[in-house]
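The values are calculated or read from the model by the stated rules, or taken from the named source; none is laboratory data. Keep in mind that what you see is a predicted model, and the values were worked out from it rather than measured. For neighbour counting, all protein chains shown are included, and Cβ atoms are generated from backbone atoms with ideal geometry for every residue, glycine included. Heavy atoms of the whole protein, side chains included, go into the accessibility calculation; ligands, DNA and RNA do not. Shrake-Rupley method; radii C 1.70, N 1.55, O 1.52, S 1.80 Å.
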Amino acid sequence: MRKGTTIAAAVAASGLMALAGCGSSGSNSSSSGSASVTKATSLAGAGGMSALVTAAKKEGTLNVITLPADWANYGMIMKDFTAKYGIKINDANPDGSSQDEINAMQSLKGQSRAPDVLDMGTAFAIKADQEGLLAPYKVASWADIPTANRASDGTWYGDYGGFVAIGYNPAKVKVAPTSFTDLLKPAYKNQVAINGNPTQASAAFSAVYAAALANGGSLSNIGPGISYFAKLHSEGNFVPVTAGPTTVESGQTPIVIWWDYLLASEIGSAVPGFKIVIPTDGHYAAYYDQAISKTAPHPAAARLWEEYLYSVTGQNLWLEGKARPVELPTLISEGTVNKAANAALPVAPSNVSFPTQAEESAAETVVAQQWASKVG
């Protein structure tokens, strides 16, 4: 699945309100834009919205990467952006990973098909920033993004996120599971799966972290999460495959532990009546992040794309994709939120835990060392 090698950094504590407060290849090059737009670090620096739109339309193309149409409503987001501005979008490697995004910036530098904008897990956004690959740019709504969810210089910033959740097909699962503890019951034999291998996949790693928090572990101790899955496997309940819409439809994995918004957009859209619940005993949340490539071939279009994503329209489109946009508290307080989409989200817990980068890095190491021998 897309972004399979990412380990998305968890939302920092100041981002709690945004998550828990929910009821819920073109031929142009950078030379085609003015110098001010090419290096602009803000909308004002680009000459304002009218100037930015003019420069972006002159470029005529935007290169995105690793954006599947059914991931957090990106299909509709890209369609609406093109309809609004007449700018063609090239979506490269839609099922790729955050590392693939970094690789593409490096290997395609100077080419018209290089990525303009990135959507990646925080750990990889930080890595790309440290490697000098990102251009600083602060969108007009910069103040509405929690400080803990953005780089101070504007090289990357949180966009949308969600909670680790349990999704199940009620046609196959007669007793609804509501917790990690429930999933150990004999009724769920050969039914439970995660979206990939946690040594490689962000969502799978996050499922292990959530399981740890549900079983006496902590942000600095992911071991109980590994032990939990080992027990789930020994009880015959764990199905060691990469779960997704196809495995749920076939009945191979009627229960999947994954991000709530992806359970909704990727599986819920394909499986009638599919149900989603945030487990009562393990709460874990994370954001993905936006960034602009320092060597974007279409720098004006890249900046216009970010302004669009962080506009009321863009933020609500993520919300309509069952994801929680980073500016959700502002949408709610200003009365610009799509109320129906917000109300349709699974009820969010208020007692969410957030690891530091050091804790997460240590947890990744433990999983890499122990998963194969303990779980298989």
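Tabulated values for the structure
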{"quantity": "All positions within segment 262-278 that are in contact with an Asp or Glu (Cβ under 8 Å, 6 or more places away or on another chain) and either open to solvent by less than 20 Å² (accessible area, probe 1.4 Å) or not in a strand (DSSP E or B) (or both)", "calculated": "Ser265, Glu266, Ser269, Ala270, Val271, Ile278"}
{"quantity": "Hits in segment 213-244 (condition: open to solvent by 30 Å² or more (accessible area, probe 1.4 Å) and in contact with an Asp or Glu (Cβ under 7 Å, 6 or more places away or on another chain))", "calculated": "Leu219, Ser220"}
{"quantity": "Of all residues making up segment 280-330, the number that are open to solvent by less than 10 Å² (accessible area, probe 1.4 Å), closer than 17 Å to Ala343 by Cα and β-branched (Val, Ile, Thr)", "calculated": "1"}
{"quantity": "Flag for Gly225 being in contact with a helix residue (DSSP H, G or I) (Cβ under 7 Å, 6 or more places away or on another chain) and farther than 19 Å from Asn169 by Cβ", "calculated": "yes"}
{"quantity": "Inter-residue pairs, beta-carbon under 8 Å, first modelled with pLDDT of 95 or more and in a helix (DSSP H, G or I) and in segment 74-86, second polar (S, T, N, Q) and surrounded by 13 or more Cβ atoms within 10 Å (Cβ to Cβ), 6+ apart", "calculated": "Asp80/Thr313"}
{"quantity": "Qualifying position, being open to solvent by less than 10 Å² (accessible area, probe 1.4 Å), in a helix (DSSP H, G or I) and at pLDDT 95 or above, among Val256, Val248", "calculated": "Val248"}
{"quantity": "Top-ranked residue in segment 69-91 [being open to solvent by less than 10 Å² (accessible area, probe 1.4 Å) and not small (Gly, Ala, Ser); ranked as nearest to Tyr261 (Cα to Cα)]", "calculated": "Trp71"}
{"quantity": "Scan of segment 130-169 for residues that are over 24 Å from Ser311 (Cβ atoms), open to solvent by 20 Å² or more (accessible area, probe 1.4 Å) and not in a loop (DSSP other than H, G, I, E, B), ordered by number", "calculated": "Gln130, Tyr168"}
{"quantity": "Any pair with Cβ under 7 angstrom, 6 or more apart, that starts in segment 29-50 at a residue that is closer than 13 Å to Lys294 by Cα and ends at one that is open to solvent by 60 Å² or more (accessible area, probe 1.4 Å) and modelled with pLDDT of 85 or more", "calculated": "Thr41/Lys138"}
{"quantity": "Scope segment 218-245; condition outside any loop (DSSP other than H, G, I, E, B) and among the β-branched types (Val, Ile, Thr); matching residues", "calculated": "Ile226, Val239, Val241, Thr242"}
